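Below: the structure, in structure tokens.
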Amino acid sequence: MGRCDITDHAEAVIIEELYREHWALVCGFLLRRTRDPHLAEDLAQETFVKATRALLGWRGENAAAWLLTIARNVLIDHVRRSRRELALPDADELGVPALHVDAVDVRDALDRLPERHRKLLTLVYLEGFSLVEVAAMTGTKHATIKTAVWRARSAFAETYGGVR
């Protein structure tokens, strides 16, 4: 067995392990964003193909975060290729009342927040990651992320009230 054969085998084992451990997370993220099970599976497969190609550049950091970032980019590429917009969930579906806000004020309020709050709110509310996904991406417990997002929302509400 040559050196390339050993390297190829090791990469295959790593990808297989990543696939088994993170398929449900990646597919679930894409399903919530596309609302189409077949498309979500296709995009998830494309995510793992791209992960296989990018494996040499992966430094072994948080695998869930790495794969979800690839999945998000695959989804963005798909939307650009198809030139269609994905439907946003209704406010009722998110469990919040409908808001009528000025995007500039929202961005200004976000920019005034500490980095951790801004990052959490962006991941959850602008990029559509679930609390479970954010927990997986950050290597933090779900309950910790839930509390952190609650605090970030409170800080945002306070800051946003001062902007308006």
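The values are calculated or read from the model by the stated rules, or taken from the named source; none is laboratory data. Since the structure is predicted, the reported quantities are computational estimates derived from the model, not experimental observations. Note that each Cβ is placed from the backbone with ideal geometry, even for glycine, and that neighbours are counted across all protein chains shown. The accessibility values were calculated without ligands, DNA or RNA, using every heavy atom of the protein model including side chains. Shrake-Rupley method; radii C 1.70, N 1.55, O 1.52, S 1.80 Å.
Applying a threshold of 7 Å to beta carbon distances and a minimum spacing of six or more residues, or different chains, the list of pairs starting in segment 32-49 at a residue that is among the basic types (Lys, Arg) and ending at one that is in a helix (DSSP H, G or I) reads ARG33/LEU75.
Among the residues of segment 106-122, write down those that are open to solvent by 20 Å² or more (accessible area, probe 1.4 Å) and either in a helix (DSSP H, G or I) or among the aromatic types (Phe, Trp, Tyr) (or both). Listed by number, the residues that qualify are VAL106, ARG107, ASP108, ASP111, ARG112, GLU115, ARG116, HIS117, ARG118, LYS119, THR122. Residues in segment 123-140 that are without any contact (Cβ under 8 Å) to a residue 24 or more places away in the chain and crowded, with 19+ Cβ neighbours inside 10 Å: LEU123, VAL134, ALA135. Each residue in segment 123-142 was checked for being small (Gly, Ala, Ser) and either farther than 18 Å from LEU25 by Cβ or not in a helix (DSSP H, G or I) (or both), and 3 pass.
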